[in-house]
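**Student:** Please read through the structure below; I'll follow up with questions.
The values are calculated or read from the model by the stated rules, or taken from the named source; none is laboratory data. Here the structure is a predicted model, which is why all the values come from computation and not from measurement. Note that each Cβ is placed from the backbone with ideal geometry, even for glycine, and that neighbours are counted across all protein chains shown. To get the accessible areas, we keep the full protein, side chains included, count just its heavy atoms, and leave off ligands, DNA and RNA. Shrake-Rupley method; radii C 1.70, N 1.55, O 1.52, S 1.80 Å.
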Amino acid sequence: MAVAKLGTKMRLFATQSEYVDRLAAAIEAEDHCTSQTRLLIDKISQQQGRVVALEEQMKRQDQECRQLRALVQDLESKGIKKLIGDVQMPVAAVVVMACSRADYLEKTIKSILKYQTSVASKYPLFISQDGSNPDVRKLALSYDQLTYMQHLDFEPVHTERPGELVAYYKIARHYKWALDQLFHKHNFSRVIILEDDMEIAADFFDYFEAGATLLDRDKSIMAISSWNDNGQRQFVQDPYALYRSDFFPGLGWMLSKSTWSELSPKWPKAYPFQLMLKENHRGRQFIRPEVCRTYNFGEHGSSLGQFFKQYLEPIKLNDVQVDWKSMDLSYLLEDNYVKHFGDLVKKAKPIHGADAVLKAFNIDGDVRIQYRDQLDFEDIARQFGIFEEWKDGVPRAAYKGIVVFRFQTSRRVFLVAPDSLRQLGVEDT
């Protein structure tokens, strides 16, 4: 009996051991299955992320394709050939760089069309929009007199220095794209660049036609500008006067295809006008007027209204219809200008010592004041109220270190660097 009971217990123990082994194997299999399931879920999640990214990319590409198709239809309906004309070659394309300020752009377009309509074949008008602001796009497409271009840039911007505005990088990309389009795709020989917050003078187009002749004739001229940094009402008088400058004025300027072919490959990542520094001039200069042919009314924009109240708002926009076709501008050619400008400086009465403003006020005729260095220039400029700023070792509007402006009357004031007279071949008296 006892032996029978012992045998039964042993059989039960063996059965329990077998069950335990099976249970352990089942648990191990379950753990392995769970691990495999998690790996599979992770892979599916990764694939879903890729699918979402691809879907976003497809959406962007689809949006770009729709906008490009609309642009092609717009170009086909208007026809660039119609804008340019069948016979007369254009002097220059005019492009307005725009982004998201539809109210500003409308004011600019109306100002341009006021004077461009009669010379449209010479100056075909383009609006180049950066981005997809619907109000700007709708406004631009509402005008039959112009051609709309759109720059779509989905590439993220990574600034190189702390505190930099992303807008300056976006502007640089937009400028390069637009100028490549106009010079290389549409094959214009010259382009006039305006911004979406500018009004133009009545003689704007005649001025640039005269400038185009200079640009073609004299390869030492890098660009023609319609702007004078010291063009505030109290510092200008003569609408006929033009000057050469080592400082790039911007704000309404024209350059040639050959110059763009040189600049385009080394276009900077940030705001583009640093490209106009001395290292890229190669001894070339800019033509600027005494009285501005553009007026910048954009108090709010990428520069956050910097200097607007002090320097931009008081600018005088030319109101005299100058007959530029009858003007002899040969004095601006490189071989003639040093003597021309040197004679003006030589005739000016030297002023020495303190109280430069008071002394200049009490002298009839032009005066010249020599400054020792940048700090001294800034002090004198501050007394008169002109721009104090230097860039790349050059004062704004300077030619061979000399900044000239009117003071109170037709009297010219020349602020002269220590080495300026030697460069002009003028003896110091």
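Conditions tested, residue by residue: (1) in a helix (DSSP H, G or I); (2) open to solvent by 50 Å² or more (accessible area, probe 1.4 Å).
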| site | (1), (2) |
| --- | --- |
| I363 | no, no |
| R368 | no, no |
| I380 | yes, no |
| S410 | no, yes |
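**Student:** Would a scan of segment 121-132 turn up a residue that is surrounded by fewer than 20 Cβ atoms within 10 Å (Cβ to Cβ), in contact with a strand residue (DSSP E or B) (Cβ under 8 Å, 6 or more places away or on another chain), at negative phi and not in a strand (DSSP E or B)?
**Tutor:** yes
**Student:** Here is a check on your reading of the model: is R190 at pLDDT 95 or above and within 19 Å of Q116 (Cβ to Cβ)?
**Tutor:** Yes, satisfied.
**Student:** Hey, could you check segment 111-120 for residues that are buried (at least 19 other Cβ atoms within 10 Å of the Cβ) and not hydrophobic (A, V, I, L, M, F, W, C) and say which is farthest from D180 (Cα to Cα)?
**Tutor:** S111
**Student:** If N228 passes every condition in (1) crowded, with 23+ Cβ neighbours inside 10 Å; (2) over 19 Å from the mean Cα position of the chain (by Cα) but one, which one does it miss?
**Tutor:** Tallying (1) crowded, with 23+ Cβ neighbours inside 10 Å; (2) over 19 Å from the mean Cα position of the chain (by Cα), N228 fails exactly one: (2).
**Student:** Would you please list the contacts, defined by Cβ atoms under 6 Å and residues six or more apart or on different chains, that run from a residue in segment 339-357 that is outside any loop (DSSP other than H, G, I, E, B) to a residue that is aromatic (F, W, Y) and open to solvent by less than 10 Å² (accessible area, probe 1.4 Å)?
**Tutor:** V345/F414
**Student:** May I pose another question? If you go through segment 122-154, how many residues are closer than 16 Å to A93 by Cα and among the β-branched types (V, I, T)?
**Tutor:** 2
**Student:** A further question on this structure: Working only within segment 240-255, note down all residues that are open to solvent by 20 Å² or more (accessible area, probe 1.4 Å) and either charged (D, E, K, R) or modelled with pLDDT of 95 or more (or both).
**Tutor:** Y240, D246
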